[in-house]
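Visitor: Sending over a structure as structure tokens; questions will come in a sec.
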Amino acid sequence: MKAWDVIIIGAGAAGLMCAIEAGKRGRRVLVLDHGKRIGRKILMSGGGRCNFTNYFVEPGAYLCGNPHFVKSALARYTQWDFIALVEKHRIAYHEKTLGQLFCDDSAQDIVDMLVKECADAGVSISLRAEILAVAELGEGFSVDTEAGQYSCHSLVVATGGLSMPKIGASPFGYRLAEQFGLKLLPTRAGLVPFTLQPQDKETLESLAGVSLPVVAESADGTRFTESLLFTHRGVSGPAVLQISSYWQPGEPVRFQLLPEGCLAQGLAESPSQELKTWLARQLPKRLVETLLAREGLVNKPLKQYIPKELAAIEQRLAAWPLQPGGTEGYRTAEVTLGGVDTKELSSKTMMANRVPNLYFIGEVMDVTGWLGGYNFQWAWSSGWCAGQVV
Ligand SMILES: Cc1cc2nc3c(=O)[nH]c(=O)nc-3n(C[C@H](O)[C@H](O)[C@H](O)COP(=O)(O)OP(=O)(O)OC[C@H]3O[C@@H](n4cnc5c(N)ncnc54)[C@H](O)[C@@H]3O)c2cc1C
């Protein structure tokens, strides 16, 4: 049985960051991954350009059963620390929108950077490593793989969430947590497109490809100002992905298609203009036609509506309700909500409170960020923290 100081399961964002930090401390580190490539999610992230962090990272951008949990790690390894690493490797990047930082060239640059840092820190990485069993062994653990048996002092679980099973996502980390008696919070897909109820699908399907800026609001009052995209399957776009993480089945989502007060202003400025013509100046034409039919709105010059009617139309368009049928699920979700309960872990080291030397980092735990680089930052920050102590 080959002995290591640290075994990390998962060669993704969090696992590699942890490996680099532990390796730099002189620990003998082995990273095991069942996939055939390192950092597969990094490679396909951000449309192939990896949105690796965000200028505006703050604890409020994370969903977690204990909202205070993320504070320590995010403060100890910040977006500025990761940006410094990217700059050290001379990777060109740019801010796309809302503080989101992307590689100019390719997500491969980020993977190459992590691999180089691992090599410099003496980290060993073993791919296509199927893990058969994990057990406690003295003060550490034994890890059985198809390729052989290992022992380690510290075991780090960095197996990520359930989204995109096609590229290697597995429930391994959750099962391991259960094996050691750690509590799991229910998992569900996040940052995911909505599907529609059959009747909505019929009326809205023709809008596929239409996109517009909106404010999306969930039943709990969370709001995101981003764009909404109609698709053949339902609705997507950043506004929908963001709000999906706050959505519970059965609840409606509201979209502010027009700001409050603007129809009253339209009446004052162009009283003779028909509602349809006026709306088509504010919204995509195809959407206007569908909205008029769907909402049963009579089209006439604005001045012919009684004030109550106009106010009702305005109210409807300022909070247009849509009842999703569901989500597209893990097949297309960017993240998994829920996971290993953070109450089981130290917010400083990510070690399991009740199982010495067992660590959980990254998406496998119940921490989910907004769209926009926040999830990678959590992987870097939590991986870095564990890397200081394993
Ligand atoms: C399409 C897509 C685009 C995304 N884009 C962005 C973005 O631009 N910005 C952003 O911040 N976030 C993005 N995300 C989210 C981000 O990729 C994840 O939050 C992040 O990768 C989580 O890091 P992790 O290290 O915890 O898990 P992962 O990066 O998922 O790594 C987990 C690793 O564990 C391995 N593994 C799993 N099970 C086993 C097992 N049984 N045995 C051995 N190994 C195993 C996997 O092969 C994988 O390599 C995106 C996600 C998707 C799906």
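Visitor: Quick one: in the stretch 88-97, of everything that is at pLDDT 95 or above and under 18 Å from Ser227 (Cα atoms), which residue is surrounded by the fewest Cβ atoms within 10 Å (Cβ to Cβ)? Working first, answer last.
Guide: Taking the stretch 88-97 first, the residues at pLDDT 95 or above are 88-96.
Subsequent filtering for residues that are under 18 Å from Ser227 (Cα atoms) retains 95-96.
Numbers: Glu95: 12, Lys96: 15.
Checked the stretch 88-97; the qualifying residue surrounded by the fewest Cβ atoms within 10 Å (Cβ to Cβ) is Glu95.
Okay, residues lined up against (1) in contact (Cβ under 8 Å) with a residue 60 or more places away in the chain; (2) out of contact with any strand residue (DSSP E or B) (no Cβ under 9 Å at 6 or more places or on another chain); (3) under 17 Å from Ser381 (Cα atoms):
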residue: Lys88; (1), (2), (3): no, yes, no
residue: Ile91; (1), (2), (3): no, no, no
residue: Ser106; (1), (2), (3): no, yes, no
residue: Val111; (1), (2), (3): yes, yes, yes
residue: Leu114; (1), (2), (3): yes, yes, yes
residue: Leu127; (1), (2), (3): yes, no, no
residue: Ile131; (1), (2), (3): yes, no, no
residue: Gly138; (1), (2), (3): no, no, no
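Visitor: While we're looking at this one, here's another question. Considering only residues that are within 25 Å of Trp247 (Cα to Cα) and outside any helix (DSSP H, G or I), which ones fall in the stretch 282-326?
Guide: Result: Ala319, Trp320, Pro321, Leu322, Gln323, Pro324, Gly325, Gly326.
Visitor: Going through the stretch 52-103 one residue at a time, which ones are within 15 Å of Thr342 (Cα to Cα) and not in a strand (DSSP E or B)? Let's see the steps before the verdict.
Guide: Here is the first cut: in the stretch 52-103, the residues within 15 Å of Thr342 (Cα to Cα) are 59, 62-74.
Once the filter is applied, which keeps residues that are within 15 Å of Thr342 (Cα to Cα) and not in a strand (DSSP E or B), the stretch 52-103 yields Pro59, Cys64, Gly65, Asn66, Pro67, His68, Phe69, Val70, Lys71, Ser72, Ala73, Leu74.
Visitor: I've got another one for you. Being surrounded by fewer than 21 Cβ atoms within 10 Å (Cβ to Cβ) and among the polar types (S, T, N, Q) narrows it down to one residue among Thr349, Thr336; which is it? Steps first, answer last, please.
Guide: Details: Thr336 fails: surrounded by fewer than 21 Cβ atoms within 10 Å (Cβ to Cβ).
That would be Thr349, the only listed residue that is surrounded by fewer than 21 Cβ atoms within 10 Å (Cβ to Cβ) and among the polar types (S, T, N, Q).
Visitor: Only one of Ser206, Ser272, Ser227 is surrounded by fewer than 20 Cβ atoms within 10 Å (Cβ to Cβ), small (Gly, Ala, Ser) and part of a strand (DSSP E or B). Can you tell me which?
Guide: Details: Ser206 fails: part of a strand (DSSP E or B); Ser272 fails: part of a strand (DSSP E or B).
Only one candidate passes the filter, namely Ser227.
Visitor: Condition (residue is out of contact with any strand residue (DSSP E or B) (no Cβ under 7 Å at 6 or more places or on another chain), within 15 Å of the ligand (Cβ to nearest atom) and not polar (S, T, N, Q)) applied to the stretch 93-104: is it met by at least one residue?
Guide: We begin by selecting, within the stretch 93-104, every residue out of contact with any strand residue (DSSP E or B) (no Cβ under 7 Å at 6 or more places or on another chain); these are 97-98.
Adding the requirement that they be within 15 Å of the ligand (Cβ to nearest atom) leaves 97-98.
Now drop any that are not not polar (S, T, N, Q), which leaves 98.
Yes: one or more hits.
Visitor: Among Phe69, Phe56, which is within 14 Å of the ligand (Cβ to nearest atom), touching a residue at least 12 places away in the same chain (Cβ under 8 Å) and among the aromatic types (Phe, Trp, Tyr)? Before you say what the answer is, go through the steps one by one.
Guide: Values: Phe69 fails: within 14 Å of the ligand (Cβ to nearest atom).
Testing whether each residue is within 14 Å of the ligand (Cβ to nearest atom), touching a residue at least 12 places away in the same chain (Cβ under 8 Å) and among the aromatic types (Phe, Trp, Tyr) leaves just Phe56.
Visitor: Identify, from the list Ala19, Ala14, the residue that is under 28 Å from Gly237 (Cα atoms), buried (at least 22 other Cβ atoms within 10 Å of the Cβ) and within 14 Å of the ligand (Cβ to nearest atom).
Guide: Working: Ala19 fails: under 28 Å from Gly237 (Cα atoms).
Result: Ala14 is the single residue among Ala19, Ala14 that is under 28 Å from Gly237 (Cα atoms), buried (at least 22 other Cβ atoms within 10 Å of the Cβ) and within 14 Å of the ligand (Cβ to nearest atom).
Visitor: In the set Arg294, Arg354, which member is assigned by TED's automatic domain parsing to the domain that holds Pro171 and more than 16 Å from the ligand (Cβ to nearest atom)? It would help to see each step written out before you state the result.
Guide: Details: Arg294 fails: assigned by TED's automatic domain parsing to the domain that holds Pro171.
The unique qualifying residue is Arg354.
Visitor: Looking at the stretch 214-234, I want the residues that are farther than 20 Å from Pro249 by Cα and of a type outside the set (Asp, Glu) and have a partner that is modelled with pLDDT under 95 and not in a loop (DSSP other than H, G, I, E, B) with Cβ atoms under 8 Å, at least 6 apart or on another chain. Which pairs are those?
Guide: Close Cβ pairs satisfying both conditions: His232/Glu205.
The values are calculated or read from the model by the stated rules, or taken from the named source; none is laboratory data. Fair warning: this is a prediction, and the values are worked out from it, not measured in the lab. Heads up, the Cβs are rebuilt from the backbone with ideal geometry, glycines too, and the neighbour counts pull from every protein chain shown.
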